[in-house]
1. Output ³J(HN,Hα) for region 84-96: one whole-Hz value per residue in order, computed from phi by the Karplus curve 6.51 cos²θ - 1.76 cosθ + 1.60 with θ = phi - 60°, and x for Gly and Pro.
2. Amide H to amide H under 5 Å from Thr9: which residues, 5+ apart in sequence or cross-chain, H placed 1.01 Å off N in plane?
3. Give the residue from Gly61, Pro132, His213 lying farthest towards the positive end of the charge dipole for the chain; charges sit on Cβ (+1 for Lys and Arg, -1 for Asp and Glu) and the dipole is referred to the Cα centre.
4. What distance in nm lies between label points placed 7 Å from Cα along the C-beta direction at Glu137 and Asp85?
5. In whole Å, what is the distance between the alpha-carbon centres of region 187-228 and region 72-145?
6. Given the convex hull of the Cα atoms of the chain, what is a quarter of its surface area in nm²?
7. Taking the Cα centre of region 8-170 as origin, sum charge times position over the Cβ atoms of Lys and Arg (+1) and Asp and Glu (-1), and report the length of that vector in debye to the nearest 20.
8. Using the Cα centre of region 94-192 as origin and beta-carbon charges of +1 (Lys, Arg) and -1 (Asp, Glu), tell me which of Ala187, Ser107, Ile162 is placed farthest towards the positive end of the dipole.
Amino acid sequence: MTSETVSGTFGFRFKVPANLSMCELFAVGREEVTSSTYLWNGLERTDGPLLLFQYTLEGEGVFETGEKTYRIEAGRAFMTQIPGDHRYYFPKGGSRWSFIFVLLRPSLILPNWEEAKRRLGETPYLQPTSRPIRYLEYIWEEANSGRIKEPYTASSYMYHFISELCRFAYAPYGAEQEWPAKVREAAVFLESHYDRMLSLDQLSEQLGLSKYHLLRTFTAAVGMSPNDYLYRVRIEQAMRLLRQTDWSVEQIAERVGYSSGSYFVKAFRKLTGRTPGSFRSSEGQLTFSRMFFD
């Protein structure tokens, strides 16, 4: 099979050392089906336990789980475990179903998978340009070119793919430049006015949006609420002031928008794991130029 092949399924059966924890890639494939004989029943399969992520590139198929039936059209995926009470198939009268999929063993990675599925749902929509889909296509291309030759590479690819799914589930829009314009405007406003007592009502009025719409869109894009974003900005500014000034904790608290020093200390410790005084002195700990938060 040459690198120009646009379809194909590749299986992997690497021996993983018993003393190591690794993500096991079982198969990755890119296929197009046009026959209604294509059908998989999760209760009849004998190759599990497995996790399956399958994403439609063009056309559509059907995924049934329990009493629910989903049309898996272009841009939509399904996530399921094998064995399990599900079926997926190409419907009669359909034109074609083009998809890409990956199968992996659940050992080691199952909690991450379940968290992504909990946030995304079992049949999520993802843009073809999203990081999880781009990376899945990259894995397939690596397999197609014969470059996945040992378990360490396969394991790193699987962990990276599930991590991209989790990251997408946490903040679907990804990087700041991909945030909707109103979300970026809200973030800039919070970063410029962090030292004031701001409410969601004030922010929504500034942007000309309902506070409920703002809360939904901001949280979906950024992965946290506007209040949590403001909280993080304040703590980052407080860290800068602790390093660059000799101001008291009370002065810094007031400067970054906290009503009292005690409340500031509690908030600072919650995010950084340290008190402002400990952070300033760095006694018995590393000195950071900057700390990054999720």
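1. Karplus-based 3J(HN,Hα) across region 84-96 equals x, 7, 7, 9, 9, 7, 8, x, 5, x, x, 8, 6 Hz.
2. Those lying under 5 Å, H to H, from Thr9 are Arg30.
3. In the chain, that residue is His213.
4. Taking the two extended label points, one gets 3.7 nm.
5. Region 187-228 and region 72-145 have Cα centres separated by 33 Å.
6. Numbers: hull surface 81.9 nm².
The directionally averaged projection comes out at 20.5 nm².
7. Values: 19 positive and 19 negative charges, 38 e Å.
In total the dipole reaches around 180 debye.
8. Ser107
Read-outs throughout are calculated quantities, based only on the coordinates presented, and are distinct from any laboratory measurement. Computed from a predicted model, the values in this text were never measured in an experiment. Note: ideal-geometry Cβ built from the backbone for every residue, glycine included; neighbour counts use all protein chains shown.
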